[in-house]
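Okay, structure first, notes after.
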Amino acid sequence: MIRPFLPWPDRRLRTPAAPVTEVTEETRTIWNDMIETMDAMPGYGLAGPQVGVMQRLAVVDCSEARGQAVRLANPEILHASGQLRMHEEASPNLPGVFAPIERPRAVTVRFLNEQGELEQRDFVGLWATSVQHQIDHLDGRMYFDRLSPLKRRMLLAKAEKLTRRA
């Protein structure tokens, strides 16, 4: 099922998501809905709060062929590389705008996987960027929070102008 996106500035996008205590069938159903929603965008990742699910759930799929989605519950970054990479980031919660964001090129992340087991995995390149972007959403942050105050104001003003036109 494709879930609707919360429109910015819905307060839930600024609210940290609740930890997942265990991976259940309901959790797996939410993940499957999130993957279907992400693929319909199309995008590289999606976090629960973006679709009104206030749990620390995320999905990421940066594979070329798709169908390689990683399901994460309670993801936390254990290590981030010192080498940075720039990538244009956007969010379906604030359509029509994007910004170049610099993040660590590689991260080691610990999370509960689809089987409910604790897993540790290294993500590199676009995968690392997407995982970090989703963790920001789980923490109640948006990608534009990483911009300077001036660039953030300009981006939000442009988004508001686009919304008024629609």
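Here are the numbers:
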read-out: Where the range 59-166 is the region considered: accessible area per residue in Å², 1.4 Å probe; value: 53 Å²
read-out: Under the Karplus curve 6.51 cos²θ - 1.76 cosθ + 1.60, θ = phi - 60°, whole-Hz ³J(HN,Hα) for the range 157-166, x wherever Gly or Pro sits; value: 5, 5, 4, 5, 4, 5, 5, 5, 6, 6
read-out: Cα gyration tensor shape for the range 43-117, rounded if a/c is under 1.5, else prolate or oblate; value: oblate
read-out: Over the range 11-164, relative contact order from alpha-carbon pairs under 8 Å, at least 6 apart, %; value: 25 percent
read-out: Kirkwood Rh and Cα Rg combined as Rg over Rh, evaluated for the range 11-164; value: 0.95
read-out: Per-residue [θ]222 nm for the chain (sum of -39500 (n - 2.57) over DSSP H runs n ≥ 4, rounded to 500); value: -9000 deg cm²/dmol
read-out: By average C-beta atoms within 10 angstrom, highest first, the peptides 87-93, 65-71; value: 87-93, 65-71
read-out: Highest-first arrangement of 43-49, 1-7, 123-129, 19-25, where packing means the average Cβ count within 10 Å; value: 43-49, 123-129, 1-7, 19-25
read-out: Lys151/Arg85 FRET efficiency (R0 22 Å; Cβ-Cβ; nearest 0.05); value: 0.75
read-out: The range 11-164 - percent of accessible surface contributed by carbon and sulfur, probe 1.4 Å; value: 50 percent
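The values are calculated or read from the model by the stated rules, or taken from the named source; none is laboratory data. Small disclaimer: the values here were computed from a predicted structure and weren't measured. As a convention, Cβ positions derive from the backbone with ideal geometry for all residues, glycine included, and neighbour counts pool all protein chains shown. Heads up: the accessible areas ignore ligands, DNA and RNA and are worked out on the full protein's heavy atoms, side chains in. Shrake-Rupley method; radii C 1.70, N 1.55, O 1.52, S 1.80 Å.
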